[in-house]
Amino acid sequence: MKSKQQKVTRAKVPYVLGVTIAGRTVYAVLLKREAEGLEVVRRFTRQRVTRFASVQQGVPEVKGQETGGDFSIQFGGSGTATPFLKSEFDLSGDGAGSEQGPPAAIFVMELSDILAECREAGYGDPEVAFCLPSVDLSYVELRLPRRLATKDQETGPVDRKALLELLEQQVGTPLEEEQVAFLAMTPSDEETHRFLAIYPRPSEPVTATLQALKAESNRRLPRTRLFETEVSLYLGLVRTALRQIAPESPETRSLVLRVGADDTLVLFIQGETLQHAESLRSLTMHDTPETICSRILLLQDEYGIGEVSHVFLVGEHGETEIQRSLEVFFPNARIENLRRYLPLDDQEVGPGSLAAQLAALRLVGDPEFLKAFEPVNLFPSSLRRRWELPFGWQVWALYALLFVTTLFFVWRYLTLEAELNERQERLRRLPPAIAETDARALQARIDSLNARTQQALRALDVLDSLLVGSDRWSRALAQLSREVAMVRGIWVDSWRPRTDGVELKGSAIARDRVVELAQRMNGIIRALTFSEIRGWPVYAFVIEIPLPNDLPEPARYLREQFAVNAQPVQSKPSNP
């Protein structure tokens with residue numbers, strides 16, 4: 001959907017710092033944009049020392065905010081919640097008695113230390129992009145009728161104002177529009193659209209930290225430009241992954257599992273649209289993989305989500321054990337690590353470092369890569385760093401006068417240069433004196449050129465007869481490599497030259513792959529044998545591929561060009 005979020009332009013500075021919080025750890029990744037691509041310059045990790053903000057400004061206060069309950073998503077119809085949802089997410093209303101949530105735990109010293117280390121290492125003052133922790137965000141599912149979701153029922157954009165009004169009615173308090181993001185979800189039916197509203201809680205630490213920095217006169221605010229969320233970042237990266245591994249299956253269902261120190265984030269995605277999102281604070285990396293997988297299956301059954309085809313995993317510790325459990329609980333799904341699809345180095349990093357990298361990529365990433373991400377930015381305008389000039393309007397007036405004077409002399413220089421070029425062109429157009437030329441000497445040179453052309457053509461005929469079929473093996477090998485890569489699921493064991501072709505032997509995981517390869521190579525299948533290896537079908541095949549004896553492409557191109565250049569020379573009369 002087209003959101004009115006703050007516009008995020010690509011950073012012009014070479015360095016961008018992505019920062020996020022996972023548990024009691026602050027993660028930061030410094031990226032550098034060069035001509036050949038992006039480079040991870042340095043990674044930072046700081047352990048947080050518990051400090052609480054004395055005041056909370058600019059953060060919307062939500063009525064009924066949970067103080068310690070395991071809940072991070074709110075639904076429009078809370079009366080239909082099941083006992084599982086009430087116990088898991090505190091939907092019973094027990095946490096609604098507190099007027100204000102716990103104070104935000106700030107990390108001023110940790111952030112200042114990271115920025116100081118960047119300056120001391122010669123990286124200057126980088127742009128900063130934050131990824132807000134999922135446990136400090138509220139997620140509310142909104143259901144809006146189609147006639148209200150769009151201003152124009154057919155082509156109009158999503159009415160953000162209607163979504164914000166509906167959200168304020170559900171949470172019971174006004175919210176800052178710039179600190180609310182809406183993500184489109186799969187519709188429940190043809191007449192109802194669903195959206196996921198995301199906004200920070202009062203305990204959100206990033207805003208409180210920047211406010212504390214702003215209140216201290218001896219500290220300088222970082223060049224913050226972006227507040228992102230884990231849900232939108234992981235959704236964009238999954239879209240990029242699906243476009244690479246399953247471009248022909250737009251309606252495939254995927255699962256994103258992020259296991260962290262404070263909570264477990266679960267995203268169900270249908271095609272490229274978010275279907276469901278959960279932040280389970282009762283599940284952390286300290287729980288067993290079987291417990292985590294069982295809870296995911298319970299969520300899947302609770303919301304009627306069908307079978308998933310892809311499972312993307314992001315974890316801090318014990319990823320191997322979790323992946324093994326996922327392979328048992330989801331035997332028909334493709335399970336892999338989400339960080340494989342980052343356009344950076346593939347290091348073993350946890351969800352905190354991955355979220356920091358994605359936040360930084362939102363500022364300096366490739367435009368094609370960023371097309372898959374939602375334009376989410378929860379950064380409040382009250383925390384923007386404002387520049388104050390140390391001089392008055394007189395200096396601006398002097399600059400304006402200097403600019404106008406420079407512009408006048410540049411225009412005068414260009415005008416004089418144009419007049420000079422015009423007069424030089426007029427002189428060049430004057431007819432030069434006609435030079436006397438010996439006609440016989442000129443004709444002799446023309447005849448000599450014609451004779452050399454004919455001699456070169458005869459030499460090309462002899463060369464062509466020697467080069468016929470000389471590159472048949474290299475062309476066949478190149479064609480075979482391309483076709484095998486296009487077919488996939490097939491590998492070649494050996495090939496043997498024949499009189500008029502080559503005999504190809506190999507194996508494939510499906511019989512139709514062998515037929516497709518034979519059709520692409522214009523070959524004949526001589527043998528096809530079926531066998532099983534560890535319970536998987538394997539087809540061994542023998543294909544005969546014909547190889548024509550053709551003239552190499554370079555020789556053919558040279559002959560054509562020579563003939564084209566020689567034709568105008570031969571068409572001229574031999575007599576003057």
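The values are calculated or read from the model by the stated rules, or taken from the named source; none is laboratory data. Computed from a predicted model, the values in this text were never measured in an experiment. A quick note on method: Cβ atoms are made from the backbone with ideal geometry, for glycine too, and the neighbour counts reach across all protein chains shown.
Go through the range 497-506 residue by residue and tally those that are within 40 Å of the chain's Cα centre (by Cα), within 12 Å of R526 (Cβ to Cβ) and surrounded by 18 or more Cβ atoms within 10 Å (Cβ to Cβ). Working first, answer last.
Quick first cut of the range 497-506, residues within 40 Å of the chain's Cα centre (by Cα) only: 504-506.
With the extra rule that they be within 12 Å of R526 (Cβ to Cβ), the set shrinks to 504-505.
Applying the additional criterion that residues be surrounded by 18 or more Cβ atoms within 10 Å (Cβ to Cβ) yields 504.
Looking only at that region, the number is 1.
Taking the residues in the range 282-306 that are within 25 Å of S249 (Cβ to Cβ) and touching a strand residue (DSSP E or B) at 6+ places or on another chain (Cβ under 7 Å) as candidates, determine which candidate is surrounded by the most Cβ atoms within 10 Å (Cβ to Cβ). Per the criteria, the residue is I296. Only residues that are touching a residue at least 24 places away in the same chain (Cβ under 8 Å) and under 36 Å from the mean Cα position of the chain (by Cα) were counted across the range 512-534, and they come to 6.
When the residues of the range 501-541 are filtered to those that are in contact with a strand residue (DSSP E or B) (Cβ under 8 Å, 6 or more places away or on another chain) and assigned to a helix (DSSP H, G or I), the one that is nearest to G489 (Cα to Cα) is R513. Filtering the range 304-334 to residues that are in a helix (DSSP H, G or I) and touching a helix residue (DSSP H, G or I) at 6+ places or on another chain (Cβ under 8 Å) leaves E321, I322, R324, S325, L326, V328, F329.
So for the range 267-278 (the condition being assigned to a helix (DSSP H, G or I), surrounded by fewer than 18 Cβ atoms within 10 Å (Cβ to Cβ), of a type outside the set (D, E) and out of contact with any Gly (no Cβ under 8 Å at 6 or more places or on another chain)), does at least one residue qualify? No - not one qualifying residue is present in the range 267-278. In the set (1) of a type outside the set (A, V, I, L, M); (2) under 23 Å from P343 (Cβ atoms); (3) touching a His at 6+ places or on another chain (Cβ under 7 Å), F268 fails one condition alone, (2).
Could you list, in sequence order, the residues of the range 200-223 that are among the hydroxyl-bearing types (S, T, Y) and either touching an Asp or Glu at 6+ places or on another chain (Cβ under 8 Å) or within 27 Å of R340 (Cα to Cα) (or both)?
Kept after step one, since they are among the hydroxyl-bearing types (S, T, Y), are these residues of the range 200-223: 203, 207, 209, 217.
Passing the criteria: only S203.
Restricting the range 14-28 to residues that are in a strand (DSSP E or B) and of a type outside the set (A, V, I, L, M) leaves a set whose member that is nearest to T284 (Cα to Cα) is T25. Taken over the range 29-48, the criterion of being at negative phi, in a strand (DSSP E or B) and either touching a Cys at 6+ places or on another chain (Cβ under 6 Å) or at pLDDT below 85 (or both) is satisfied by R33, E34, L38.
Just checking, does the range 222-234 include any residue being modelled with pLDDT under 90, β-branched (V, I, T) and under 27 Å from V180 (Cβ atoms)? Scanning the range 222-234, I find at least one residue that is modelled with pLDDT under 90, β-branched (V, I, T) and under 27 Å from V180 (Cβ atoms), so the answer is yes. Filtering S494, S481 for residues that are farther than 30 Å from R223 by Cβ, modelled with pLDDT of 75 or more and either surrounded by 11 or more Cβ atoms within 10 Å (Cβ to Cβ) or of a type in the set (A, V, I, L, M) (or both) leaves a single hit, S481.
Taken across the range 195-205, residues that are part of a strand (DSSP E or B) and either of a type in the set (F, W, Y) or more than 25 Å from the chain's Cα centre (by Cα) (or both) do occur, with at least one present. Quick check on E177: is it surrounded by fewer than 23 Cβ atoms within 10 Å (Cβ to Cβ), out of contact with any strand residue (DSSP E or B) (no Cβ under 9 Å at 6 or more places or on another chain) and over 30 Å from L313 (Cβ atoms)? The answer is yes for E177. Are any of the residues in the range 426-444 at pLDDT 85 or above and more than 30 Å from N549 (Cα to Cα)? No, because not a single residue in the range 426-444 is at pLDDT 85 or above and more than 30 Å from N549 (Cα to Cα).
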